[in-house]
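The values are calculated or read from the model by the stated rules, or taken from the named source; none is laboratory data. These numbers were taken from a predicted model, which means no experiment stands behind them. Please note: Cβ atoms are built from the backbone with ideal geometry, for glycine as well, and neighbour counts cover all protein chains shown. Heads up: the accessible areas ignore ligands, DNA and RNA and are worked out on the full protein's heavy atoms, side chains in. Shrake-Rupley method; radii C 1.70, N 1.55, O 1.52, S 1.80 Å.
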Amino acid sequence: MLDAVGRGGRQVAGFGFDPTELHPVGAALTDWKMAGSTSLRVVLPVSGDVRGMGGPTPFRNTALTSGEAVFGVDFGLTVLPGRQTPSSAGRELIWYRGEVSEVPPDPVSLAEAEYELAEAIRDTASLFARRGAASWLTDIAPALSDARRAGERLHLPASHPPRAVRLIAQSERLSAVLAVVDKDQTGELTATAMRERSIGLAPLRVAVRRALLAGYNAAAEVAAN
C-alpha cells in the first residue's frame, strides 16, 4: 500500500470517492499537501490493537480488514484487493478514503522498537532451539531463503532516517518469513504442533508490527518535533 501511494498509480476508487470514476491515487497526495501535510503516518491495525486508528466506522472496519492505513491531514487511505485483472498486473486495488479530524497518537520510538524486536528475536530463537526448529519448519527452507531477501528494495525517500530504514528492512524480512511460516501446510505438522508454533511466534509478530510502525513513522516523528 505504501508503495502504491508513493508511486501514485491509477487505481479503482472505493468508499469515500466518487464511485463512478477512476482516480489516480496520487491525487490523495495532492489533497494531503494542500491540507498542510508534511508527512504521512502508517497504522497497522489488528484485532485487539487498533491504536492510532481514526476515521468513520466503515473506514475503520475496512482498515482492520486490510491491516493497514495511511493518514495525513484531514483524511486517511486504506485499500483492499479487488478483482483479478487479465494482465500480469495482478489484482485491482480498491481504495477507501475516510475523513478524520485527528489521528490518535501512538508513539513508538525507534529505540524502544529496536529493543523489543531484539528481545523477541532472541526469545523466539531460544524457543525454536528448545523445540527443534526442524520439526516446526519442515519443507519450507527454499521459501524461507527467498523471504529473507525482503526489504532489499524499499521505496523510501532519501531523507528517511537511516536508522529507521535499517529497522524497516529487518522487520520486512521477518514479516516475510512469518508469512511463509503461516502458509506452511505441508502436512508434516500436527494441529497441536501448528498451534504451539503459532503461540510461540505471537510475541515476534507483535514486535515486528511495532517495529514497522516505528520505522515507517520515523519521518512523521521528526516532522512533529
Problem - Flag for THR78 being modelled with pLDDT of 85 or more and among the β-branched types (Val, Ile, Thr) - result: yes
Completion exercise
Of those in segment 174-197 that are over 21 Å from ARG209 (Cα atoms) and of a type in the set (Ser, Thr, Tyr), the residue modelled with the highest pLDDT is THR192
Completion exercise
When segment 99-120 is checked residue by residue, the ones that are modelled with pLDDT under 90 and either assigned to a helix (DSSP H, G or I) or in contact with a strand residue (DSSP E or B) (Cβ under 9 Å, 6 or more places away or on another chain) (or both) are GLU99, VAL100, VAL103, ASP106
Practice task
Starting from residues that are among the aliphatic types (A, V, I, L, M), in a helix (DSSP H, G or I) and without any contact (Cβ under 8 Å) to a residue 24 or more places away in the chain, keep the ones in segment 23-74 and report whichever is least open to solvent (accessible area, probe 1.4 Å).
Solution key: ALA27
